[in-house]
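The values are calculated or read from the model by the stated rules, or taken from the named source; none is laboratory data. Please read all numbers here as calculations on a predicted model, not as lab measurements. Here the Cβ is made from the backbone with ideal geometry for all residues, glycine too, and neighbour counts use every protein chain on show.
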Amino acid sequence: MTSREVNNESPTGSINGSAVIFQQTDLASSAFPIMEEIRRQGKLCDITIRVEDSCFSAHRIVLCATIPYFQVIDYSEESPEWEIVILNFS
């Protein structure tokens, strides 16, 4: 297996037969800022959170990974536009 560095700040990769293997040790610390930018651009958002008169686009996978409330919601009914309404917010 031959390792090669993509560049100083990128993940490292290696080629093993026909498979390319990438390794990124700082994924946890670098993933959320990237997901935040994708969300701000409105890309790949699959849920809307509505609180009073404000709406926020989000990624269900991020909400489920970070907030237990979103883990218990039944997402078995696929919908292109999920919306969660938060009532009595104070």
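Points to keep in mind about this one:
- Strands (runs of 3 or more DSSP E) within region 34-88 that include 1 or more residues out of contact with any Phe, Trp or Tyr (no Cβ under 6 Å at 6 or more places or on another chain) and of a type in the set (S, T, N, Q): 47-51, 54-58
- Cβ-Cβ contacts under 6 Å between residues 6 or more apart (or on different chains), taken from a first residue in region 36-61 that is of a type outside the set (Gly, Ala, Ser) to a second residue that is surrounded by fewer than 12 Cβ atoms within 10 Å (Cβ to Cβ) and not in a strand (DSSP E or B), are listed as Ile38/Leu44; Val51/Phe89.
- Residues that are in contact with a strand residue (DSSP E or B) (Cβ under 7 Å, 6 or more places away or on another chain) and of a type in the set (S, T, N, Q) were ranked within region 15-58; the one that is farthest from Ser79 (Cα to Cα) is Gln23.
- Checking Thr66, Thr12 one by one, the residue that is over 15 Å from the mean Cα position of the chain (by Cα) and either β-branched (Val, Ile, Thr) or modelled with pLDDT of 90 or more (or both) is Thr12 and no other.
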